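Below is one structure, written out as structure tokens, with a few remarks after it.
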Amino acid sequence: MYDCECPYCTKGMEDPDDCHEPEVLYDHECPHCGKNFVFTIDYSPIYNTHKAPCLNGAEHEYKKTITYPPEYAKWKCIHCEKEKP
């Protein structure tokens, strides 16, 4: 499956490697029909959900952060990232 489709011949093609910025107008030549066209990049959000029992009445599970130098380490909940006072 191809994400980029020529608006003239409607054939799919590989995504251009050097085009990554959203809301920038890029021009491209179709490798199938040879016509030039323009396109923009749109990104859709992907949500990764995780349980957070501490937000539902359970105790926070704090873990010490790994930092350098070590004296700047903090204690953060492994579920919601709330810092321990």
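Throughout, read-outs are computed from the coordinates displayed, never taken from laboratory work. The structure displayed is predicted, hence computed values, not measured ones. Backbone-built Cβ (ideal geometry, glycine too); neighbour counts: all protein chains shown.
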Practice task
Could you give the size of the charge dipole of the chain about its Cα centre, using +1 on the Cβ of each K and R and -1 on the Cβ of each D and E, expressed in debye and rounded to the nearest 20?
Solution key: 800
Problem - Compactness of the chain - radius of gyration and Dmax, Cα, Å - result: 23.5, 64
Handout entry: Summed side-chain charge close to Asn36 - residues other than Asn36 whose Cβ falls under 14 Å, Lys, Arg +1, Asp, Glu -1
Key = -1
Handout entry: Computed magnitude of the charge dipole of region 1-45 (debye, nearest 20; Cβ of K, R +1, Cβ of D, E -1)
Key = 300
Exercise for the section: Quote to one decimal, in nm, the extra length available between Thr49 and Tyr68 on full extension: 0.36 nm per residue of separation minus the C-alpha distance between them. Expected result: 3.9 nm
Exercise for the section: Taking the convex hull of the Cα atoms, report for region 28-77 its projected area averaged over all directions, in nm². Expected result: 8.1
Exercise for the section: Give a quick list of chymotrypsin sites (Phe, Trp or Tyr not before Pro) in the chain that DSSP marks as loop, anything other than H, G, I, E or B, with at most 16 other Cβ atoms within 10 Å. Expected result: Tyr2, Tyr8, Tyr43, Tyr47
Exercise for the section: Give the total of Lys-Lys pairs in the chain with Cα-Cα distances below 29 Å; include a pair only if its members are 8 or more places apart or on different chains. Expected result: 18
Exercise for the section: Mind checking which of Thr49, Cys4, Cys19 is farthest towards the positive end of the chain's charge dipole, using Cβ charges of +1 (Lys, Arg) and -1 (Asp, Glu) about the Cα centre? Expected result: Thr49
Problem - Lys/Arg +1, Asp/Glu -1 at C-beta; the chain dipole; positive extreme among Asn36, Tyr72, Tyr62 - result: Tyr62
Fill in the blank from the handout: In whole angstrom, the spacing between the Cα centers of region 46-60 and region 1-45 equals 39
